[in-house]
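Before any comments, here is the structure.
The values are calculated or read from the model by the stated rules, or taken from the named source; none is laboratory data. Keep in mind the model is a prediction, meaning the values are calculated, not measured. Neighbour counts run over all protein chains shown; Cβ positions are idealised from the backbone, glycine included. What goes into the accessible areas is simple: the full protein's heavy atoms, side chains included, and nothing from ligands, DNA or RNA. Shrake-Rupley method; radii C 1.70, N 1.55, O 1.52, S 1.80 Å.
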Amino acid sequence: MIDRPDASDIRTPRFLIMDNTPLSLLGCIEALDWLFEPGCAVTITDMVVAEATREPGEGKDQRRVTRTYVGAWLTKNRARLTILATAEGARYDREMRLWERAGKPDDLRPSWNDRGERSLLAAVQVLKQALLLGEEIIVIVDDRDARDAVRAVRADLTMMGTRTFIRWMDEDFGVRGADTAWQAIRLATDETADEGAEEDPVFVRMGP
């Protein structure tokens with residue numbers, strides 16, 4: 001399944017996660033450790049970490065078991081992850097700290113409305129900076145708006161959805177349970193998980 005280039009074109013691969021869906025989908029089957037299977041460095045934007053660990057609020061999708069697992073995984077693997085700072089992430093962190101100092105009044109809780117769109121723009125800016133490092137950036141992304149934003153970068157990178165990533169784990173790494181993982185995710189998400197794009201490539205320049 002993996003397409004490898006000539007030796008002269010080898011660069012070091014790095015995963016970049018810039019929307020929360022891959023963490024949520026892999027989290028619901030407790031399979032986030034699969035991100036480490038290929039031996040790539042794993043980078044997650046600060047806004048994805050914030051979304052994955054924040055309290056969603058009353059009336060929102062709770063999935064507390066999954067959220068607890070994802071939060072614990074992020075904490076446990078902090079030394080193995082690179083958290084990529086964005087301007088939107090810094091702004092949100094500052095607003096949350098001020099809210100906490102104020103005693104967490106409900107009417108002043110920082111809103112998440114429109115936060116996703118702004119964080120996508122911030123993530124794209126960070127993505128452009130990451131591409132300057134001479135690495136092969138593999139963006140794992142499911143959100144359709146985020147995929148469009150990645151395409152707009154018009155740079156040499158690889159993009160794949162969670163379903164393609166799982167197929168990769170099964171076909172190239174033989175990860176136990178990966179062959180039935182997507183079906184399990186579909187059941188766990190009430191059949192709402194995005195099937196992704198069939199044309200998703202898996203092209204990895206394996207580093208030395």
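Structure data summary
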item	result
Karplus-derived HN-Hα couplings along the range 42-47 (A = 6.51, B = -1.76, C = 1.60, θ = phi - 60°), whole Hz, x at Gly and Pro	10, 10, 10, 6, 4, 6
Per-peptide average of other Cβ atoms within 10 Å, ordering 174-181, 88-95 highest first	88-95, 174-181
L16 long-range amide H proximity, modeled H, under 5 Å	T43, I138, V139, I140
Listed peptides 161-167, 186-192 by packing density, highest first (mean Cβ within 10 Å)	161-167, 186-192
Peptides 19-29, 41-51, 76-86, 139-149 ordered by average Cβ neighbours within 10 Å, highest first	19-29, 41-51, 139-149, 76-86
Vicinal HN-Hα couplings computed from phi for the range 88-93 (Karplus, 6.51 cos²θ - 1.76 cosθ + 1.60; Hz; Gly/Pro x)	5, x, 5, 5, 5, 4
Ellipsoid semi-axes in whole angstrom, largest first, where each is sqrt(5λ) of the Cα gyration tensor of the range 12-189	27, 21, 14
The range 12-189 - percent of accessible surface contributed by carbon and sulfur, probe 1.4 Å	47 percent
